[in-house]
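The values are calculated or read from the model by the stated rules, or taken from the named source; none is laboratory data. Everything quoted here is computed from the prediction, not taken from an experiment. Neighbour counts run over all protein chains shown; Cβ positions are idealised from the backbone, glycine included. The accessibility values were calculated without ligands, DNA or RNA, using every heavy atom of the protein model including side chains. Shrake-Rupley method; radii C 1.70, N 1.55, O 1.52, S 1.80 Å.
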Amino acid sequence: MKKQTISVLGIGYVGLCTAVGFASRGYNVIASTHDAEKAAKINKGIPPFHEPNLQKLLEETVQNGLLNCLINQTETAVLETDLTFNAVGTPSKPDGSIDLQFIETSTYEIGKALNKKNTYHVVIVKSTVVPGTTQNIVKPILEKESKKLCGSGFGLCMNPEFLRQGSAFEDTMHTDRIVIGEYDKKSGDALESLYQDFYGKNIPPTIRTTLSTAELIKYASNSLLATKISFINTMANLCEKIPGADVKIVATAMGLDKRIGPLFLNAGLGYGGSCFPKDVKALIAHSKNLGYRLELLEAVESINKTQPLKAVQFCKELLGNLKGKRVAILGLAFKADTDDMREARAIPIINQLLEEGANVTAYDPVAVPIAKTIFENKIQYASSATACLKNADCCLLVTEWDEFKKLKPEDFTKSMKQPVLIDGRRIYDPEEFSRKMKFTAIGLGH
Ligand SMILES: NC(=O)c1ccc[n+]([C@@H]2O[C@H](COP(=O)([O-])OP(=O)(O)OC[C@H]3O[C@@H](n4cnc5c(N)ncnc54)[C@H](O)[C@@H]3O)[C@@H](O)[C@H]2O)c1
């Protein structure tokens, strides 16, 4: 059977992993983006962001002609393929509600292209959008611009993505579940048959449902994960008031309970990145519009706002006045294995340190170029962890990179002016480190 052809709009983490994933299994994929610089990189086989395990397959699929990235050519992308995944960004507006401008403009472009197409085409919303968006915004734009009826003229699905940055490509290839929100059965059948062909016998559990249920599944999943993080962080803050308590052991023991599970129970400086903060805010705003206040998620969000500043508070407790003190920051990215700094915890921490008059030097294995666009010359950038620690009065561990996990107390004591370490991600053994230096960590009752 001839493989279906696929187009992808928006070539960020989700779009690019989707595109490379399908191309790596022999599908012809056409991507289209507004960003000429990104397209040029992709067509040379270079990922425009740091994501493990993506480079080699991107290079291969571009070289063998299965993946081609066009600039501003939604029409060609739609006309020459059978299905279009729309994976453009859906950022937050200043009030926290979802900004759908990229979805609207890309949908408008898809609709115009559908008007020129004589064969059945399925449009799949892959971006995270609040419940009702596909039915009430995407469908009317497609119908108006294509002058066709949804269902008979073209198909429409909502297929949320669950990948995690840092293992985005792996997650795309081995997702836990597929959720297909369908406008009608024909649309859902078309998408499910694509996934059946893609995964073969190993197709993950597949849920077929309405468009709005699919939209809500994504928000509900991210909101629960964010809730787990804020929950364990409140336990961490409580542990700090209980002599001898350690949140890491609390979390390990809790995680052994099958009803709870071990993941997303790492106490630390809170969640960041392009998804959890914006999705929690968007769901709060959306629900408020519907007349229901999501008090639980409001608390999750407010805990997450104050949590990173605990690192600065620890710093002041250990050093006193921070004016003129050299603070070394290990880790800038919002999590390990990515260079993404959207909503990274390092941002409020560094801003607060600067406000307190500290001199900040930071190191991250991959995020320094992005950090330079945020902090410019307000801080210094080191080329290694050791260089970052040199002559520092205090070190704040902000991102849990493997490279930092390998550091021993001596690596700190030999370089720092004062060996003071704050472990914001609970990667060091408190007993070992506190024997050799002034050490504190999130969630330790002293
Ligand atoms: N990053 C994640 O971990 C993740 C995981 C699951 C779901 N999501 C969701 O997927 C969507 C995309 O996220 P991302 O992180 O890949 O975004 P991103 O910001 O990395 O990329 C979005 C891309 O869309 C492009 N774009 C905007 N308008 C366009 C148009 N009209 N035509 C073509 N391209 C256009 C932008 O130039 C950008 O490259 C968001 O809704 C996000 O919430 C993201």
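Summary of computed values
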| quantity | calculated |
| --- | --- |
| From Leu224, Leu269, Leu283, residue being away from the ligand (no atom under 16 Å from the Cβ) and among the hydrophobic types (A, V, I, L, M, F, W, C) | Leu269 |
| Matching entry among Glu109, Glu104, Glu170 (being over 28 Å from Gly26 (Cβ atoms), within 28 Å of the chain's Cα centre (by Cα) and not in a loop (DSSP other than H, G, I, E, B)) | Glu104 |
| Helices (runs of 4 or more DSSP H) contained in the range 370-446 and holding at least 2 residues open to solvent by 10 Å² or more (accessible area, probe 1.4 Å) and charged (D, E, K, R) | 402-405, 409-413, 430-436 |
| Any hit, the range 329-343, residues being open to solvent by less than 50 Å² (accessible area, probe 1.4 Å), of a type in the set (Val, Ile, Thr), more than 19 Å from Ala385 (Cα to Cα) and at pLDDT 95 or above | no |
| Options Ala387, Ala382; residue that is over 26 Å from the mean Cα position of the chain (by Cα), among the aliphatic types (A, V, I, L, M), modelled with pLDDT of 95 or more and over 23 Å from Ser274 (Cα atoms) | Ala387 |
| Hey, Phe85 open to solvent by 30 Å² or more (accessible area, probe 1.4 Å) and hydrophobic (A, V, I, L, M, F, W, C) or not | no |
| Candidate set from the range 152-165 (those that are open to solvent by 10 Å² or more (accessible area, probe 1.4 Å) and near the ligand (Cβ under 9 Å from one of its atoms)); member that is nearest to Pro52 (Cα to Cα) | Gln165 |
| Among (1) open to solvent by 20 Å² or more (accessible area, probe 1.4 Å); (2) in contact (Cβ under 8 Å) with a residue 12 or more places away in the chain, the one test that Ala358 misses | (1) |
| Set Glu75, Glu59, Glu80: member being at pLDDT 95 or above, more than 9 Å from the ligand (Cβ to nearest atom), closer than 19 Å to Glu170 by Cα and open to solvent by 10 Å² or more (accessible area, probe 1.4 Å) | Glu59 |
| Checking Gly26 against (1) farther than 30 Å from Pro369 by Cα; (2) within 15 Å of the ligand (Cβ to nearest atom); (3) open to solvent by less than 70 Å² (accessible area, probe 1.4 Å), the condition it does not meet | (2) |
| Number of positions in the range 29-42 that are under 19 Å from Leu194 (Cβ atoms) and more than 10 Å from the ligand (Cβ to nearest atom) | 2 |
| Residue in the range 1-21 that is nearest to the chain's Cα centre (by Cα), counting only those that are open to solvent by 10 Å² or more (accessible area, probe 1.4 Å) and more than 10 Å from the ligand (Cβ to nearest atom) | Thr5 |
| Options Lys117, Lys44, Lys93: the member that is basic (Lys, Arg) and buried (at least 16 other Cβ atoms within 10 Å of the Cβ) | Lys117 |
| Number of positions in the range 166-189 that are aliphatic (A, V, I, L, M) and within 13 Å of the ligand (Cβ to nearest atom) | 2 |
